[in-house]
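A quick write-up on the structure given underneath.
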Amino acid sequence: MLLNLSVVMLLSQTPISKILIANRGEIACRVARTARAMGIKTVAVFSDADAGALHVSACDEALRLGPAPAAESYLNIAALLAAAKRSGADAVHPGYGFLSENATFAEACLAAGLTFIGPSAQAIAAMGNKAAAKRRMLDAGVACVPGYHGDDQSNATLADGARRIGFPVMVKAAAGGGGRGMRLVSTADDLEAALIGARSEAEHAFGSGELILEKAIVDARHVEIQVFADAHGHVIHLGERDCSVQRRHQKVIEEAPSPAVNADLRARMGAAAVKAAASIGYVGAGTVEFLLGADGQFYFLEMNTRLQVEHPVTELISGLDLVDWQIRVARGEPLPLTQDQVRLEGHAIEVRLYAEDPAQNFLPQSGDVLLWRAPGGHGVRVDSALSTQDHVSPHYDPMIAKIIAQGATRDEARERLAAAVENVCLLGIVTNQAFLVSMLRHPVFASGQATTAFIAAEYPSGGDALKPPVPTLEVVAVTAALLLNASGEVPEGTLAGWSSTGAAMAPVHLDINGAEQHLGVVVENARTFIIHNGETSTRVGLQLTSAHSGAMHVDIDGRKTSVFAAFAAGTLHLAMDGLSMSARDRLREAKAANATQRGGLLLAPMNGRVVRIMTTAGDQVKNGQCIVVLEAMKMQHEITAPRDGVLVRLHATVGQQVATRALLAEVE
């Protein structure tokens with residue numbers, strides 16, 4: 001039974017008046033929003049890269065931690081504790097990622113007299129190492145995926161373990177999550193390379209190269225249970241979330257409830273999750289993750305001892321504020337509801353908007369946000385810390401926003417979400433926006449049949465399967481007009497659109513999302529252009545004289561519409577008719593393009609840190625051979641030779657931070 005309010009107040013012996021949020025981005029803004037509603041002041045922390053970030057202004061005050069690298073800022077325990085002391089904060093909320101599942105940090109907060117809004121250091125440690133957690137769950141009677149969780153980390157022992165388990169196997173970092181240090185290995189021949197790569201990535205991401213092996217459950221669902229526990233012995237669950245749609249073992253779409261879970265299965269999985277939490281004396285919000293096989297059997301994967309990225313879908317179907325619950329439990333209050341009082345209604349789906357290029361194997365992107373307009377409308381929620389003129393840094397995770405929709409039914413939530421994602425306007429950064437819309441409308445996902453194999457099966461070549469939209473004649477015409485207007489240039493020889501014999505037409509060679517367009521343009525004045533495309537001509541009138549970031553009204557042969565446009569570094573970025581595009585005038589870039597393509601140059605595809613160099617100057621190399629391994633946005637990326645030849649020069653060194661398009665090596 002729940003305690004009455006007067007008893008609750010007596011038990012609330014840990015006052016919280018000011019919370020330091022030891023995180024950044026949208027989760028920092030999310031925690032600040034609830035804290036403000038509860039009358040609690042908040043303190044933001046920031047690195048040099050985030051000095052102007054939205055989460056800084058979302059809090060009542062903010063303190064600098066250090067330089068941009070996470071190890072010197074958001075992972076710096078001493079700096080965080082010093083910030084808490086300086087600000088007078090009496091509690092710390094870790095958010096997710098960074099130090100949220102670091103037992104040392106939780107213990108240090110307690111030693112400093114701070115309330116850690118999360119589980120105890122002992123509970124974090126119990127579940128923080130995947131190998132130890134699985135052994136503990138087996139002891140508690142919770143079914144686990146067959147695997148190897150031993151202390152012997154030699155490649156020979158791991159290879160023997162993999163043979164006993166049977167291929168395919170999953171190689172996983174014992175100390176981390178989020179897809180880092182994780183490899184799917186189909187054959188014994190691929191195992192050694194997977195172990196080397198996973199161990200290196202795990203060491204860089206989590207400071208530990210310890211690995212575990214698991215049997216790969218084919219066509220499984222990734223289903224997790226949201227649990228909550230207080231300090232008075234109450235443990236309940238708030239239903240499940242289906243997180244099966246993943247790329248690089250990182251979640252992309254999450255929903256609640258799971259289309260594969262009925263009431264009986266929900267009760268059994270929920271009971272197993274509650275048992276898992278109770279077995280370690282858990283207090284606070286946590287998530288118990290399971291693999292659900294096609295046969296209905298489920299297996300414990302891991303427990304995340306923090307709030308999850310995808311917690312909004314649970315909030316929308318339960319009507320609860322999970323951050324509010326976290327704070328109340330940390331103050332010593334009992335849970336507001338019993339298991340019987342939990343009500344889950346409707347359906348909610350979340351997508352993660354990433355700064356990445358699906359057409360280049362989901363390569364993370366960084367750069368300046370020229371324009372950001374979030375979608376809205378009934379049943380739509382956007383959790384983001386983006387704003388126009390932000391800089392997406394290469395130092396942190398590439399997730400830049402979460403878009404969530406709810407509905408009375410799954411189809412209503414799905415269609416509402418697809419429409420909302422289509423209405424996202426983000427100019428300046430390549431994102432997975434079109435990929436998200438494609439998946440939401442894919443028949444397999446629409447029917448509720450998507451498993452962890454969905455992306456690999458339905459998009460075998462990644463984002464290459466998504467052909468850029470072919471621009472219509474209207475889009476081409478508007479693009480040409482905006483490009484000339486934005487650049488402030490009039491085509492050479494037109495003399496503001498006129499010559500001694502009348503109107504002059506200048507050639508323009510456009511590249512719009514990779515599609516070439518050869519046009520003739522007559523500039524009547526700064527606001528009116530006539531675009532000739534073969535036998536077709538289109539008159540375009542612009543209401544504004546330059547493409548400032550924001551809405552621009554255009555008149556296309558009498559049809560008035562709006563576009564969003566921004567011009568930077570010779571590229572016009574625009575959103576029109578539900579499509580996002582970028583365009584350049586290739587005639588003005590011919591010389592530069594030829595210079596870039598003439599040699600075997602290895603350029604950095606993004607800002608990042610060089611973590612390995614696989615060969616030396618003077619070596620013979622083959623086309624596709626890995627030369628440099630670059631780490632950016634918590635992932636490692638192989639930079640390969642563009643041709644057979646000799647590696648004549650290396651311009652990078654291990655540990656060096658390089659900028660986008662920095663020259664790394666030369667092959668002749």
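Rank Ser447, Ser580 by accessible area, highest first, at a 1.4 Å probe radius?
Ranking Ser447, Ser580 by accessible area, largest first, yields Ser447, Ser580.
Using heavy atoms of the protein chains and a probe of 1.4 Å, the accessible area assigned to His518 is about 120 Å².
Given an 8 Å cut-off on Cα distances and at least 6 residues of separation, report the relative contact order of region 170-243 as a percent.
Once divided by the residue count of region 170-243, the mean separation gives 28 percent.
Across region 384-401, computed HN-Hα scalar couplings (Karplus, 6.51 cos²θ - 1.76 cosθ + 1.60, θ = phi - 60°) run 7, 10, 7, 8, 4, 6, 5, 10, 7, 7, x, 7, 10, 4, x, 6, 10, 6 Hz from first to last residue, x flagging Gly and Pro.
Between His509 and Asp295, the simple label model (points 7 Å from Cα in the Cβ direction) yields a spacing of 6.2 nm.
Here the calculated FRET efficiency for Gln657 and Ala193, from their Cβ-Cβ distance with R0 = 30 Å, stands at 0.70, rounded to the nearest 0.05. The length gained by stretching the chain between Thr640 and Asp368 to full extension, at 0.36 nm per residue less their Cα-Cα distance, is 95.2 nm. Pairs spanning more than 23 Å between alpha-carbon atoms, out of Lys172/Lys402; Lys130/Lys215; Lys172/Lys251: Lys172/Lys402. For region 92-200, GluC sites (Glu not before Pro) are listed when DSSP marks them as loop and at most 14 other Cβ atoms sit within 10 Å of their Cβ; the list is empty.
One decimal place: the segment Asp48-Arg248 gains 69.1 nm when fully extended, by the rule 0.36 nm per residue minus the C-alpha distance. Calculated accessible area for the chain comes out at 41 Å² per residue, all protein chains present (probe 1.4 Å; ligands, DNA, RNA ignored). By accessible area, using a 1.4 Å probe on protein heavy atoms only, the chain has 52% of its surface on carbon and sulfur.
Between Asp555 and Leu603, full extension at 0.36 nm per residue minus the direct alpha carbon distance yields a gain of 13.1 nm.
Given the alternatives [x] 39, 35, 30; [y] 46, 31, 25; [z] 38, 27, 26, semi-axes √(5λ) of the Cα gyration tensor in Å as computed for this entry is given by [y].
The values are calculated or read from the model by the stated rules, or taken from the named source; none is laboratory data. Just so we're clear, the structure is a prediction, and the values are computed from it rather than from any experiment. Ideal geometry is used to build each Cβ from the backbone, glycine not excepted, and the neighbour counts take in all protein chains shown. The area values use the complete protein model at the heavy-atom level, side chains included, leaving out ligands, DNA and RNA. Shrake-Rupley method; radii C 1.70, N 1.55, O 1.52, S 1.80 Å.
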